[in-house]
Amino acid sequence: MPVAGAGVGGQPDYRGTTGPGERPDAPGTFPGSELEGGPSWVTDTTDDLHRELVEQAGPEVPLCVEPQTPARRVPQLLAEQGRGAALVCRRGKLVGIFTERDALGMLAEGQDLGAAIERFMAHDPVTLRPADTVGAAITRMSLHGYRRLPIVDGEGRPAGLLDVAGVIHWLVEHFPAAVYNLPPVANPVMREREGP
């Protein structure tokens, strides 16, 4: 069950997974969802965010490694497979995640690359369930600052890995008029006066 607590900027902090039918992102609670008087695409966007499931945002098949995998091998696997993260699984169940950011930190600190990857992974990562919506994924990503979220089944087995690129593609695909009609810079401030 998620535990709501004080999160970033006073926003609720949902740790762990959400069970089927539980939605911390119920309509009207998605950040920036103050919709009254707004254009119709905003209402449509919010409705779809709370209706469409994470599987529709193109999660990738996860790269999984065992906790005892040597740390030097995981960055090699990430590079070989063009991935940004590996899920660390013990007996088929998610126990951690190791990202390209973790790899950079490990290398920069001169860590022992012969050590097991479980020494460097993030333990018990925030996850999604297949029944979670795209809105739930966006909320968790933005509240926690994550670029990738594992999707796990009811028994903790990886079912996918959703990343920011998948969410962005979903948004562009579903709301091209809203995305393509935005100015390059909203409300630009001129630093110098134009002309003579």
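The values are calculated or read from the model by the stated rules, or taken from the named source; none is laboratory data. Treat the numbers as computed from the prediction; the structure is a model and nothing was measured. Cβ sites come from the backbone with ideal geometry, for glycine too, and all protein chains shown count toward neighbours.
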Selection status of residue 137, closer than 17 Å to residue 84 by Cβ and crowded, with 23+ Cβ neighbours inside 10 Å:
yes
In this structure, is residue 143 under 24 Å from residue 66 (Cβ atoms) and either surrounded by fewer than 20 Cβ atoms within 10 Å (Cβ to Cβ) or not charged (D, E, K, R) (or both)?
no
Members of the stretch 58-83 found to be in contact with a strand residue (DSSP E or B) (Cβ under 6 Å, 6 or more places away or on another chain) and under 22 Å from residue 134 (Cα atoms), listed by number
59, 60, 62, 63
Does at least one position in the stretch 95-110 carry a residue that is buried (at least 23 other Cβ atoms within 10 Å of the Cβ), touching a residue at least 60 places away in the same chain (Cβ under 8 Å) and in contact with a Leu (Cβ under 9 Å, 6 or more places away or on another chain)?
no
Kindly indicate which of 150, 158, 176 is closer than 13 Å to residue 60 by Cβ and over 13 Å from the mean Cα position of the chain (by Cα).
158
Restricting attention to the stretch 95-131, which residues are basic (Lys, Arg) and at pLDDT 95 or above?
119, 129
Yes or no: the stretch 127-148 includes at least one residue that is of a type in the set (A, V, I, L, M, F, W, C), free of Cβ contacts under 8 Å to residues at least 40 places away in the same chain and in contact with a Ser or Thr (Cβ under 9 Å, 6 or more places away or on another chain).
no
Mind checking which residues of the stretch 163-196 are surrounded by 12 or more Cβ atoms within 10 Å (Cβ to Cβ) and modelled with pLDDT under 85?
174, 175, 178, 179
Can you name every one of the helices (runs of 4 or more DSSP H) wholly within the stretch 48-165 that holds 1 or more residues which are over 30 Å from residue 176 (Cβ atoms)?
73-81, 100-108
